[in-house]
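A.B. asks: Below you'll find the structure I mean.
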Amino acid sequence: MAQDVLCEVSNCVHNRDGKQCLAEKIFVVSHKGEKAHNSEETDCKTFEPQGL
């Protein structure tokens, strides 16, 4: 299991220093159902914008 999860989404509440995700769990989904063919077909559902 990955020890460090990197993230460039600087406005996420889980982001530290604009590069590392501090969420307890990461939830990634596919746009195409169970199987994605590339990273563009996926999204991080763990994202929460800052300031809400």
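A.B. asks: State whether the residues of segment 18-29 include one that is of a type in the set (Asp, Glu), exposed (fewer than 13 other Cβ atoms within 10 Å of the Cβ) and out of contact with any Cys (no Cβ under 7 Å at 6 or more places or on another chain).
C.D. replies: Yes, there is a match, as at least one residue in segment 18-29 is of a type in the set (Asp, Glu), exposed (fewer than 13 other Cβ atoms within 10 Å of the Cβ) and out of contact with any Cys (no Cβ under 7 Å at 6 or more places or on another chain).
A.B. asks: Taking the condition touching a helix residue (DSSP H, G or I) at 6+ places or on another chain (Cβ under 9 Å), without any contact (Cβ under 8 Å) to a residue 60 or more places away in the chain, among the small types (Gly, Ala, Ser) and at negative phi, does SER10 pass?
C.D. replies: For SER10, the condition - touching a helix residue (DSSP H, G or I) at 6+ places or on another chain (Cβ under 9 Å), without any contact (Cβ under 8 Å) to a residue 60 or more places away in the chain, among the small types (Gly, Ala, Ser) and at negative phi - is not met.
A.B. asks: Considering only residues that are part of a strand (DSSP E or B) and of a type outside the set (Val, Ile, Thr), look in segment 30-52 and name the one that is surrounded by the fewest Cβ atoms within 10 Å (Cβ to Cβ).
C.D. replies: Top of the filtered list is PRO49.
A.B. asks: Let me ask something additional. Give me a count of the residues in segment 1-21 that are within 10 Å of the chain's Cα centre (by Cα), assigned to a loop (DSSP other than H, G, I, E, B) and farther than 14 Å from PRO49 by Cα.
C.D. replies: Number satisfying all stated conditions: 1.
A.B. asks: For segment 5-52, which positions are in contact with a strand residue (DSSP E or B) (Cβ under 6 Å, 6 or more places away or on another chain) and small (Gly, Ala, Ser)?
C.D. replies: SER30, ALA36, listed by residue number.
No lab work stands behind these numbers, since they all come straight from the coordinates. Quick caveat, the model's predicted, so the values are computed rather than measured. For neighbour counting, all protein chains shown are included, and Cβ atoms are generated from backbone atoms with ideal geometry for every residue, glycine included.
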